[in-house]
Protein chains: 2
Amino acid sequence: MPVTMRDVAQRAGVSIRTVSRAINKQGEITEETRQRVLAAVEELGYRPSKVAQALVTHRTETIGFILGDIANPYFSEFARGVMDTAEAEGYNVFICNSDGKSDKEIRAAESLVDHGVDGIILFPDYASESKLKAFAEIYAPLVIVNRPFYHQKIGLVLTQIRQGAVLAVDYLVGKGHTAIAMIAGPGPIDQMQRAKGYRDVLVSHGLPVADEWILPGPAILEHGAKSTRHLLIKHPQVTAIFCYNDLIAMGAIQACKEMGRRVPDDCAIIGFDDIRFAAMADPPLTSVHVDIYSLGQQATCLLFNMLDNPDSSFPPVYADVKLVIRASA
Amino acid sequence: MPVTMRDVAQRAGVSIRTVSRAINKQGEITEETRQRVLAAVEELGYRPSKVAQALVTHRTETIGFILGDIANPYFSEFARGVMDTAEAEGYNVFICNSDGKSDKEIRAAESLVDHGVDGIILFPDYASESKLKAFAEIYAPLVIVNRPFYHQKIGLVLTQIRQGAVLAVDYLVGKGHTAIAMIAGPGPIDQMQRAKGYRDVLVSHGLPVADEWILPGPAILEHGAKSTRHLLIKHPQVTAIFCYNDLIAMGAIQACKEMGRRVPDDCAIIGFDDIRFAAMADPPLTSVHVDIYSLGQQATCLLFNMLDNPDSSFPPVYADVKLVIRASA
DNA sequence: CTGAAAGCGCTTACAG
DNA sequence: CTGAAAGCGCTTACAG
């Protein structure tokens, strides 16, 4: 049904080879025949099939992006950065949700490779490094975000997460807090950069670090609310909470309100990422700012660089953070 | 480099035809040879190329989704609904942003077709119906969201938008407001269902309808803030604002705060969609609730139904709304 | 039950 | 400058 190269060739009275030449502007063709072919293309509304092209060139002009959950504003803003960058290069992007689960992540990666994507951007879960090593071999070029896994074939985009945690917790200590809890995200705490920064600051100020004051869980609002309720009941002496991200922080605020704890007077709360809605929370969230959109752009640029230079290896891209002080802490 | 069907055939000592049979479980093959082939598949880690399959079957097992802006929580939640539904069917999804611009929307649709997507879900801008008619011919199956364009080949998913507007404005009138403005979205006001509902309610209560009290613009927070500032300066008698969506409503709240107008006492504000963050605004937003995620699921189910039954035509899917009363109005 | 051949719609050496 | 042929990795009639 769709118009094919043969149709165009017939119309223009040339071979398909010549049509290909006219379209792909490889020179070696008279201006006159090119015009004739292009006219036929126009008349017929011909558009080359990327599927057929891909079969021979091994390039689909698509990339895959595996993230935790597109409905999370952090990921959707990041996604906008990658999509805009990809679009500028004429690329389309497949998006897959992993929900931070290793099996979903692997299935997504496999399906993307089945579709022949030219590269993948991945927010990995905390599964073993051996998995990532295997990924690197199969799914190159691969850009990994926010996980310091150094490997020849992997591109890295790293937010200064530990630094952000230090900024946040230092600020709380400076405000006189001595009982500071942390609501963490998914994955093992000992691998979590935010937890490292949190611990380091407490230790450096001679403050106690208690494991029961670090609550891991999924990076969603509900975890923030639930953990805060738990925390404030079990450990009422807590006066400040450092949260894994803004969603969790918003959940924490919600729980404080329910329990009649004023924010920040009775309990200060700091988030992470500074998503758009952080400023609109009640009270407006103090948060560690990350330039999320730009991060998405940078990850995509890196991926394209790797595509264009398959034999080079590229240094990690580091992304700054800064503390944005609002009313919640 | 990747393992091909020939490699598997060689390994198993059969022809590629037999490999194909073993994989696609078409019967007509001995259990014994099938096992032998499957063993070879396993050993080699063979995965069929969807690109090659697509070239002959004309099915890519991908769909395209064109939305306004993935960073907008309404669209990202909707997207989650389509992605989950697609994934359950083994489909991958391309996402494209149109920013509500007709040219971007068309370019996106074309690129999706170039990639051979099996179907498209589209949030159309307000360009002419002739464009949609052309779309219907080229891009079928096509599911259109929130735009009542009836056509044989198009699937429709329609939120009861006018009804939602009626609910919202009726509520404001019931609260005693007589000077109710509207901050509208993109597109011509006379085609906008929310504006119809808004007008109908005012007229039915004998209240004046003024064109200067309806401010169209992009569906973003900044438009809400800017238009509110404009409105409260030019028409200080306004005591309530019905907003196109929650993002705009949040902008309106922001502007009210800046100008020292208390919400809802000095100016009541109602949003639309009831995105997740509506409940967390300050004050929490009164909004017209839409089951966004479910809408995404339904649109995708409809698309798959159309794919499976190319000759049938399907009735529109209508989505209910309800007013959720919080503190902003 | 199994295989050889054609073909999906392109690009890419290779001739002329 | 232009064309005939092979081939990308599969599936699908068609023989045997």
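Any read-out appearing in this document is the output of simple, stated calculations on the displayed coordinates, not a laboratory observation. All values derive from a computational prediction rather than experimental measurement. Cβ sites come from the backbone with ideal geometry, for glycine too, and all protein chains shown count toward neighbours.
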*Work out the charge dipole of chain B with +1 on the Cβ of Lys and Arg and -1 on the Cβ of Asp and Glu about the Cα centre, then indicate which of B:260, B:186, B:314 is farthest towards its positive end.*
B:260
*Considering only the other residues whose Cβ falls under 14 Å of the Cβ of residue B:286, what net charge follows from Lys and Arg at +1 and Asp and Glu at -1?*
-3
*Taking a label point 7 Å from Cα toward Cβ, how far is residue B:262 from its twins in the other copies, in nm, shortest first?*
1.8
*What is the gain in length, in nm to one decimal, between residue A:265 and residue A:33 on full extension, counting 0.36 nm per residue of separation less the C-alpha to C-alpha distance?*
75.7 nm
*Report, in cubic angstrom per residue, the convex hull volume of the C-alpha atoms of chain A.*
155
*Under unit Cβ charges (Lys, Arg +1; Asp, Glu -1), what dipole magnitude, rounded to 20 debye, does chain A have relative to its Cα centre?*
140
*What is the magnitude of the charge dipole of the stretch B:175-324 about its Cα centre, with +1 placed on the Cβ of each Lys and Arg, -1 on the Cβ of each Asp and Glu, and no other charges, expressed in debye to the nearest 20?*
540
*Say each of residue B:212 and residue B:258 gets a label point 7 Å from the Cα, pointing the same way as Cα to Cβ; how far apart are those two points in nm?*
2.1
_For a 18 Å ceiling on Cα separation, which of these pairs sit above it: B:196/B:234; A:101/A:131; B:101/B:226; B:101/B:322; B:101/B:196; A:322/B:226?_
B:196/B:234; B:101/B:226; B:101/B:322; B:101/B:196; A:322/B:226
*What is the calculated FRET efficiency for residue B:126 to residue A:4, with r their C-beta to C-beta distance and R₀ = 25 Å, to the nearest 0.05?*
0.15
*What is the spin-label model distance, in nm, from residue A:190 to residue A:55 if the labels are put 7 Å beyond Cα along the C-beta direction?*
5.2
*Counting Lys and Arg as +1 and Asp and Glu as -1, each charge on the Cβ, what is the dipole of the protein assembly as shown about the Cα centre in debye, to the nearest 20?*
100
*asked:* How far, in nm to one decimal, is residue B:52 from itself in the other copies if the label point is set 7 angstrom along Cα toward Cβ? Shortest first, please.
replied: 1.9
_For residue B:102, inter-copy label distances in nm, listed shortest first [label point 7 Å out on the Cα-Cβ vector]_ = 5.3
_Along the Cα→Cβ direction, 7 angstrom out, place labels at residue B:293 and residue B:178. What is the inter-label distance in nm?_
4.5
*Integer Hz, Karplus 6.51/-1.76/1.60 couplings in order for the stretch A:267-281, x for Gly and Pro*: 8, 7, 9, 10, x, 8, 3, 6, 5, 3, 7, 4, 5, 9, 5
*Tell me which B residue has its C-beta closest to the axis rotating B onto A, and the distance in Å?*
B:282, 2
*Kirkwood-based Rg over Rh for the stretch B:5-48 (C-alpha set), two decimals?*
0.90
_Going by amide H atoms built from the backbone, whose H comes under 5 Å of the H on residue B:159, apart from near neighbours?_
B:146, B:319
